[in-house]
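The values are calculated or read from the model by the stated rules, or taken from the named source; none is laboratory data. Remember, it's a predicted structure, so these values are computed and weren't measured experimentally. Cβ coordinates were reconstructed from backbone atoms using ideal geometry, including for glycine residues, and neighbour counts include every protein chain displayed.
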Amino acid sequence: MAGLKLTDVAKSYGDVSVLKDINLDIDAGELIVFVGPSGCGKSTLLRMIAGLERITGGELQIDGQVVNDVPPAQRGIAMVFQSYALYPHMTVYDNMAFALKLAKMSKQEIDDAVRKAADILQLTPYLDRLPKALSGGQRQRVAIGRCIVRDPKVFLFDEPLSNLDAALRVATRLEIAQLKESMPDRTMIYVTHDQVEAMTLASRIVVLANKGISQVGTPLELYEKPRNEFVAQFIGSPAMNLFPGEITATGERTTIRLADDHGDIVSAYPSTAADMGKTVNVGVRPEDMHVSEDGTGYTGTVDVQENLGEVTLLFFVPDAPGKDPVIAKLPGIHRGLKGQTLHMTASPEKVHVFMDGTSLLYR
Amino acid sequence: MHPALQGLVTIIIGVGGCVGYFVLSNYLLDRFLLPARAFSAEQTAARRKLGTIFLFAIPSVLIAIGFLMTDALFSVQGFLWLVLAGALILGLWRLNDFVFGSGATTAGRNISRANMIRPWLFLLPAMVALGLYLTYPVFETFRLSFTQRIPGGYEFVGVDNYTQMMSEPKFWEAMRNNMLWLFVVPAMSTAMGLIVAQLTDRISWGNIAKMLIFMPMAISFVGASVIWKLMYDARPAEQDQIGVLNAIWVSFGGEPQQWLTLPIWNSFFLMVVLIWIQTGFAMVILSAALRGIPEETVEAAIVDGAGPFTIFFKIKVPQIMPTIVVVWTTITLTVLKVFDIVFAMTNGQWGTQVLANYMYDKLFRANDWGVGSAAAMVIMLLVTPILVMNVRNARREMK
Ligand SMILES: Nc1ncnc2c1ncn2[C@@H]1O[C@H](COP(=O)(O)OP(=O)(O)OP(=O)(O)O)[C@@H](O)[C@H]1O
Ligand SMILES: [Mg+2]
């Protein structure tokens, strides 16, 4: 129904530039997740879409119409705030009905809409309560209900689950996923810190960093084909290992000699003779690493071993104190690896190569 | 001694006395009465005995002193009775412990007991002072309102003072004016305070505006009355007007008016003074309350399509309603007691009498202590419900 189009959108507070060159096409019915480190401008971007924050550059279109100067209420959006932002002096019913009353809908219409939303969110028994008499999860549902009743074209969520405890977060995450499924033509934009939320909910993820968009793609695209070191390390846990090294053999496949005598690693990246001798970073996810039979690959001594049952995490002795250790995640139980020197390798398809922070494999 | 030096000495004695009292009483409590250590069963029994004897000795001594001082001031006697009652209660508590208590005591029990007593140590001076200067006068005034002064003493006259007061038109004028003040001043002060708080919140010179509006709070009522008397001042028509109101009035072609003698209007001119003072108070409290409203609820309302007026009246005001009620009632209390302004500006003439000034008239001008006390009782009767409401509200706020 309603797509969004951001063209060169920028935000600055006075001289301080917070976001710039944001170009993004969102199709109707998508669930877009904004992720990124704290302070990268996720909330700011969301609030600009909502109309709560002035857009200082570029153009925002909702449903093909430029809405830069359209007040929030007329943009066809609804927003769930991090702290719920329920009106404390109104009952659950009035909280949900407030926007409809302002829109001068008839009593009957309002009642129908509120009761329907309450039914979907299992809030019917609480309609006469004040927000302070609700649990965190119920408050969150009221906040969502306040959006649903207005039947907006675009839903905006700013870290809606961050105030809930872990168990409730999982349950509410599922509810949001179901909600989205029941409204396939509604667009949702969702801000989160939580990778799992991003990976499970998103139809596409937008990674924000350094005042701009680092990469846009489906969750698996970001996982399998990160375009740069930042996305590579941001998606996935534990984060992808990065080894500095130098290209020593080119051709159909590329061999990279890791710095500090850590051995050689082969990547499926096809290189030319011109690439010879270039310094690059090799990226391998912990879960892609396995012990090599022939003694090739990364060579390191196991510093710490964590046995989690289903997987075993190996932390290798870092090259210098304070440096991030190389981590390997081996399936199953392995006993007594601590202190051993191992050779770890990965299948060439899983070996990423970055130059100047950018992936050579997926540009 | 030089008066300034005298004042200084008084302060030193007062503050030193307070500090001394708190340090010494806590020291006694922690060192001797309930030290933070364990005692064996025998030690405990001995301590119980000693404590009980000691605490019964205090009332006996006090009773003895009381007998010796029958001629002394009533207030000192009242004070003695108060201490006596307290000591007896404490003594009975000890007696109970003495009879039924047995076995050793632990350090933990002593500490928790000491901590039960400690708040009372801190409260005691305030309670005694309040009892002496507030509770006692209330009862004494109540008694006086049923008496009449006769040469050499008092006689009981029943409700005569009240019936006499009720039959005086001046009393009903004061009642009517008080009610008028009651409706106008708190409403206007709170409303203007709220508007100013909201309007000055976002503008760059808002803090300066706030400071200017708050300043009258620092002026005494009498000082403010003098200032406003000048504002309402009238000069003969041929002279220049020094009163602002008349200057404006004359410049529009009116005759100079004696504003404070115009019936009905003059009451409102007096009210303006109090509104001028109290708006600052309302503004400061309400401005803090407005700042406490979560910004996100306002943003949610914006997204919901609310305009500035809807946001103010439907989102902001309801959220600070408890504070508004407290401000309103606090100003109401001030209004019920209003005295200085009327006293200094019209002294209740030209139909501006209020209850407090009426009481003062009776008590100190006519020397009719009976009717004066009766008027005081009426004021108290009016103030009490509002006071109770205010305290309740404040308590609910704190939860
Ligand atoms: N009024 C302001 N003036 C100047 N800078 C601001 C202002 N508001 C926000 N910023 C800056 O804008 C940047 C983005 O803030 P924003 O709240 O969008 O971050 P975020 O990605 O939502 O972070 P988080 O994950 O912690 O919520 C921050 O670096 C912040 O310091
Ligand atoms: Mg944020």
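Matching residues to (1) buried (at least 17 other Cβ atoms within 10 Å of the Cβ); (2) in the same structural domain as B:Leu290 (by TED's automatic domain parsing); (3) closer than 30 Å to B:Ala289 by Cα; (4) touching a helix residue (DSSP H, G or I) at 6+ places or on another chain (Cβ under 7 Å):
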| position | (1), (2), (3), (4) |
| --- | --- |
| B:Ile150 | no, no, no, no |
| B:Gly153 | no, no, no, no |
| B:Ala174 | yes, yes, no, yes |
| B:Phe183 | no, yes, yes, no |
| B:Pro186 | yes, yes, yes, yes |
| B:Met192 | yes, yes, yes, yes |
| B:Gln198 | yes, yes, yes, yes |
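Using beta carbons and a limit of 7 Å, which pairs, at least six apart or on different chains, have the first residue in the stretch A:42-57 and within 12 Å of chain B (Cβ to nearest Cβ) and assigned to a helix (DSSP H, G or I) and the second one within 12 Å of ligand 1 (Cβ to nearest atom) and of a type outside the set (Lys, Arg)?
Cβ pairs passing all conditions: A:Ser43/A:Asp158; A:Ser43/A:Val191; A:Leu46/A:Phe34; A:Leu46/A:Asp158; A:Leu46/A:Val191; A:Arg47/A:Glu53.
Taking the stretch A:14-41 only, how many residues are part of a loop (DSSP other than H, G, I, E, B) and within 9 Å of ligand 1 (Cβ to nearest atom)?
7
For every residue, the table says whether it meets (1) of a type in the set (S, T, N, Q); (2) closer than 27 Å to B:Pro294 by Cα; (3) within 16 Å of ligand 1 (Cβ to nearest atom).
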| position | (1), (2), (3) |
| --- | --- |
| A:Ala50 | no, yes, yes |
| A:Glu59 | no, no, no |
| A:Ala73 | no, yes, no |
| A:Tyr93 | no, yes, no |
| A:Lys101 | no, yes, no |
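Could you list, in sequence order, all residues of the stretch A:112-161 that are within 28 Å of A:Gln61 (Cβ to Cβ) and β-branched (Val, Ile, Thr)?
Result: A:Ile144, A:Ile148, A:Val149, A:Val154.
Being part of a helix (DSSP H, G or I), under 17 Å from A:Ser359 (Cβ atoms) and either away from ligand 2 (no atom under 16 Å from the Cβ) or among the aliphatic types (A, V, I, L, M) (or both) narrows it down to one of A:Leu242, A:Leu222, so name that one.
Residue meeting the stated conditions: A:Leu222.
Could you say which residue among B:Ile275, B:Ile264, B:Ile248, B:Ile293 is under 25 Å from the mean Cα position of the chain (by Cα) and of a type in the set (A, V, I, L, M, F, W, C)?
Result: B:Ile275 is the single residue among B:Ile275, B:Ile264, B:Ile248, B:Ile293 that is under 25 Å from the mean Cα position of the chain (by Cα) and of a type in the set (A, V, I, L, M, F, W, C).
Within the stretch B:30-51, can you find the residues that are in a helix (DSSP H, G or I) and surrounded by fewer than 14 Cβ atoms within 10 Å (Cβ to Cβ)?
B:Arg31, B:Phe32, B:Ala41, B:Glu42, B:Gln43, B:Ala46, B:Lys49, B:Leu50, listed by residue number.
Can you go through A:Lys116, A:Lys11 and tell me which one is over 22 Å from B:Pro318 (Cα atoms) and within 16 Å of ligand 1 (Cβ to nearest atom)?
Result of the check over A:Lys116, A:Lys11: A:Lys11.
Step by step: first the residues of the stretch A:171-217, then only those that are in a helix (DSSP H, G or I), in contact (Cβ under 8 Å) with a residue 60 or more places away in the chain and more than 15 Å from ligand 2 (Cβ to nearest atom), then the one that is surrounded by the fewest Cβ atoms within 10 Å (Cβ to Cβ). Which residue is that?
A:Ser182
Return a yes/no flag: does the stretch A:136-157 have any residue that is closer than 16 Å to A:Ile32 by Cβ and in contact with a helix residue (DSSP H, G or I) (Cβ under 7 Å, 6 or more places away or on another chain).
So far as the stretch A:136-157 goes, yes, one or more of its residues are closer than 16 Å to A:Ile32 by Cβ and in contact with a helix residue (DSSP H, G or I) (Cβ under 7 Å, 6 or more places away or on another chain).
Filter the stretch A:23-75 for residues that are among the aliphatic types (A, V, I, L, M) and within 16 Å of ligand 2 (Cβ to nearest atom) and give the result.
A:Ile32, A:Val33, A:Val35, A:Leu45, A:Leu46, A:Met48, A:Ile49, A:Ala50, A:Leu52, listed by residue number.
Considering only residues that are within 13 Å of chain B (Cβ to nearest Cβ) and buried (at least 21 other Cβ atoms within 10 Å of the Cβ), which ones fall in the stretch A:98-121?
A:Phe98, A:Ala99, A:Leu100 - these are the residues of the stretch A:98-121 that are within 13 Å of chain B (Cβ to nearest Cβ) and buried (at least 21 other Cβ atoms within 10 Å of the Cβ).
Residue-by-condition table, conditions (1) surrounded by fewer than 19 Cβ atoms within 10 Å (Cβ to Cβ); (2) over 22 Å from A:Asn228 (Cβ atoms):
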position	(1), (2)
A:Ile256	no, no
A:Ser271	no, no
A:Val280	no, no
A:Asn307	yes, yes
A:Leu313	yes, yes
A:Val317	yes, yes
A:Lys350	yes, no
